């Protein structure tokens, strides 16, 4: 995951309008997301959020976790995810992919007492 901020620049850099036009194009393609309303920070994605969601579903099915409960930390850094694309995944991107899957009825996200306790109940 990369963050781009428009705070700095140099003599040879693109002006703000050109940077925003370029980043808006990749946002429309699903390869980035604006992190603020003023379009001054952008999150560049390795995979689209929907592609991360597909990887998560594949991980769940391949590991027989269809009706399991896991914490978000277990998904991104647990034994089950070792050797997969989701191991070590950025938490912000993971949560966005999980919310997409929750909206599709594939899982339920529930809050814990801390961010380490946030959980997911799969229903794939």
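Brief remarks on what is shown
For (1) in contact with a helix residue (DSSP H, G or I) (Cβ under 8 Å, 6 or more places away or on another chain); (2) on the phi < 0 side of the Ramachandran plot; (3) in the same structural domain as residue 19 (by TED's automatic domain parsing); (4) crowded, with 17+ Cβ neighbours inside 10 Å, each residue gets a yes or a no:
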site: 32; (1), (2), (3), (4): yes, yes, yes, yes
site: 35; (1), (2), (3), (4): no, yes, yes, no
site: 54; (1), (2), (3), (4): no, yes, no, no
site: 69; (1), (2), (3), (4): no, yes, no, no
site: 109; (1), (2), (3), (4): yes, yes, no, no
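- Within the set 23, 94, the sole residue that is buried (at least 16 other Cβ atoms within 10 Å of the Cβ) and within 15 Å of the chain's Cα centre (by Cα) turns out to be 94.
- Taking the criterion of being part of a loop (DSSP other than H, G, I, E, B) and under 16 Å from residue 26 (Cα atoms), the residues of the range 37-59 that qualify are 39, 40, 45, 46, 47, 48.
The values are calculated or read from the model by the stated rules, or taken from the named source; none is laboratory data. Everything numeric in this text was worked out from a predicted model, so none of it was measured. A quick note on method: Cβ atoms are made from the backbone with ideal geometry, for glycine too, and the neighbour counts reach across all protein chains shown.
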